[in-house]
Amino acid sequence: MKLKSIFAILTAGMLACTGLTACGDDKAASNQKATFTVGFDQDFPPFGYVDENGEFTGFDLELAKEAAKRMDMEIKLQPIDWDSKELELSSGSISCIWNGFTMNGRENDYTWTESYMDNSQVFVVKSDSGIKTQADLAGKIVTAQTDSAALNALNGDDFKDLKASFKELLTCAQYNTAFMDLEAGAVDAVAMDIGVAKYQIEGKESKFTILDEPIVKEQYAIGFYKGNTEMRDKVQKALDEMAADGTFKKISEKWFGYDVCTLAAAKNANTSASDSN
């Protein structure tokens, strides 16, 4: 066989292999799922945190995993610095903020899902502190997490008199630190979300008390970059399906002992079930 013929055969074989490889790569790429990156505060139990095994877990993260499955997307749980959440979202490094995220007062800052959970901001004090009402906080040191709904409420006009009555209003990076300060007597009260408060004081009710009067009632929702309605709509659809088929309720009862869902889809499902009985 002539050298030219041998070369031609080898070249054809190489091109065929290259073509097969390219086709294989294209097929693999087409089968690769899109990534749904959820930004969250890893020090915010029970909504998102690191468990004793070093794994990310929590109520919101479990909801997010189920939503990703229904959207046929790969989930990536991305802990973020809460102070930098807007930058993380605008840069595209995360798809959304899903972590006990209060929408009240931020309605125009993000594109939101429907609220899926009611939440109140409350004060937690030591049970033996003698503090029974908000009026008793006069002359006391209060702390709240940086850029939290509780802090934003206390800094608002509606609560300027209450804030003025405090000896001092401090900020903390995370609630674990706040509770250590409360227990040590460095602060007299912690302003925070009621869901987190109940989680933090579970089994310690003799040491800590939630004041009956809330600071303000809030709603939790999932926040997306302003204008990203396409991703919001996909997540909303998944949430509605979870609410309608009882999956949301099951996850809720696992974490809170009762159904916290406020989605319209859940209400409609309950109404339909009642009508059929």
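The values are calculated or read from the model by the stated rules, or taken from the named source; none is laboratory data. In this text, all values refer to a predicted model and were calculated from it rather than measured experimentally. A quick note on method: Cβ atoms are made from the backbone with ideal geometry, for glycine too, and the neighbour counts reach across all protein chains shown. When the accessible area is computed, the model is the full protein with side chains, heavy atoms only, and any ligands, DNA or RNA have been set aside. Shrake-Rupley method; radii C 1.70, N 1.55, O 1.52, S 1.80 Å.
Going by the structure shown, is residue 66 more than 30 Å from residue 210 (Cα to Cα), open to solvent by less than 50 Å² (accessible area, probe 1.4 Å) and among the charged types (D, E, K, R)? Against the criterion (more than 30 Å from residue 210 (Cα to Cα), open to solvent by less than 50 Å² (accessible area, probe 1.4 Å) and among the charged types (D, E, K, R)), residue 66 qualifies.
The lone criterion from (1) modelled with pLDDT of 90 or more; (2) closer than 17 Å to residue 117 by Cα left unmet by residue 178 is number (2). Here residue 171 meets each of (1) in contact (Cβ under 8 Å) with a residue 60 or more places away in the chain; (2) β-branched (Val, Ile, Thr); (3) open to solvent by 10 Å² or more (accessible area, probe 1.4 Å) with one exception, condition (1). For the condition closer than 28 Å to residue 50 by Cβ, in contact with a strand residue (DSSP E or B) (Cβ under 6 Å, 6 or more places away or on another chain) and open to solvent by less than 20 Å² (accessible area, probe 1.4 Å), residue 143 qualifies. Determine, yes or no, whether residue 218 is within 30 Å of residue 71 (Cβ to Cβ), assigned to a strand (DSSP E or B) and not aliphatic (A, V, I, L, M). Answer is yes for this residue. May I ask you to list pairs of residues, at least six apart or on different chains, whose Cβ atoms are under 6 Å apart, with the first in the range 69-83 being within 22 Å of residue 41 (Cα to Cα) and the second being in a helix (DSSP H, G or I) and acidic (Asp, Glu)? Correct list of pairs: 80/88. Whenever a residue of the range 180-191 is over 18 Å from residue 133 (Cα atoms), it has no partner that is open to solvent by 60 Å² or more (accessible area, probe 1.4 Å) lying with C-beta atoms less than 6 angstrom away and at least six residues away or across chains. As for the range 93-107, it holds no residue that is open to solvent by 60 Å² or more (accessible area, probe 1.4 Å) and farther than 19 Å from residue 193 by Cα. Among the residues of the range 86-124, those that are part of a strand (DSSP E or B) and among the hydroxyl-bearing types (Ser, Thr, Tyr) comprise 102, 111, 120.
In a residue-by-residue description of the range 77-85, the property of being at pLDDT below 95, surrounded by fewer than 16 Cβ atoms within 10 Å (Cβ to Cβ) and assigned to a helix (DSSP H, G or I) applies to at least one position.
Checking each residue in the range 125-156 for being on the phi > 0 side of the Ramachandran plot and either at pLDDT below 95 or part of a strand (DSSP E or B) (or both) picks out only 147.
Of all residues in the range 213-228, exactly one satisfies the criterion of being under 12 Å from residue 114 (Cα atoms) and open to solvent by 30 Å² or more (accessible area, probe 1.4 Å), namely 219. If you check 75, 94 for being in contact with a Ser or Thr (Cβ under 6 Å, 6 or more places away or on another chain) and hydrophobic (A, V, I, L, M, F, W, C), only one passes: 94.
Is it the case that the range 163-177 has a residue that's in a strand (DSSP E or B) and within 23 Å of residue 59 (Cβ to Cβ)?
yes
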